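**Q** Below is the structure I would like to discuss, written out as structure tokens.
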Amino acid sequence: MMKKRRNKTWSQKLDIYHRYNKKIGVYSFLKSNYKKILLVFAVFLAIIVVVNYFYDLETAAEFIVNNYTTDIIFLVFYLSESILGLIPPDIFILWVKGFEDPYLMLGILGVISYLGGLTAYGIGHRLERVPKIREYLEEKYSVHINKIKKWGGIFIIIAALLPLPYATVLLLAGMLKYPFSRVLYLGIARIARFFIYGVVLFGVIS
């Protein structure tokens, strides 16, 4: 008579997940890089504070809101989030502060960034068929490629939340044919990033 397999409890699953992350080096990566990440974010905030001291950023945001259509800015943002993250998303976070409901706009930015990431994934999936471009990307982003191969979805979440080139990571994921179904739900972390950063940046320039 065959014995029934007992389902693992949540604590057991978390323990296995914890040991797996430790084994593949996720924690050591975060530990060795958290100071750099915090430093980058601190420098960015310092720049915002200094610029805001000499020039009212809220007034600048209102000027952009009143003189440029949101459709154009959203299009620029989408293209940026689709092509290697050409413009830091935090600039757009500051822009939405000039709206009556900035948190609604943050949600829209998050969704656009999410869709931009999916577009980057699709671009990468097609570039994989072009040998010269694939070889160039493999050489230029070898570190990111190794992290995706080794960590998979964990690295995608890290890129979605932290100051890392999210569009680039998704492009590389597409090139490596990382499962699209996983990218669909892992990318939701990108939307959360905009609310988290928005709360911080709005507090700095309030």
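What follows draws every value from the coordinates through simple rules; no lab data is involved. None of these values were measured; they are calculated from a predicted model. Neighbour counts run over all protein chains shown; Cβ positions are idealised from the backbone, glycine included.
**Q** Spelling out what I want: for every residue of segment 127-137, take phi, set θ = phi - 60°, compute 6.51 cos²θ - 1.76 cosθ + 1.60 (Karplus), and round to whole Hz; glycine and proline get x.
**A** 5, 4, 7, 9, x, 5, 5, 4, 5, 5, 5
**Q** Could I ask something else about it? Quick one: go through segment 99-125 and flag any residue whose amide nitrogen is under 15 Å from the point 7 Å out along the Cα-to-Cβ line of Arg182.
**A** none
**Q** Can you compute 3J(HN,Hα) from phi for each residue in segment 143-159, using the Karplus curve 6.51 cos²θ - 1.76 cosθ + 1.60 with θ = phi - 60°, rounded to whole Hz and x for Gly and Pro?
**A** 5, 5, 4, 5, 5, 5, 5, 7, 9, x, x, 4, 5, 5, 5, 4, 5
**Q** Now a separate question. What residues qualify as long-range amide H neighbours of Phe99, i.e. H under 5 Å apart, gap of 5 or more or another chain, H built at 1.01 Å from N?
**A** none
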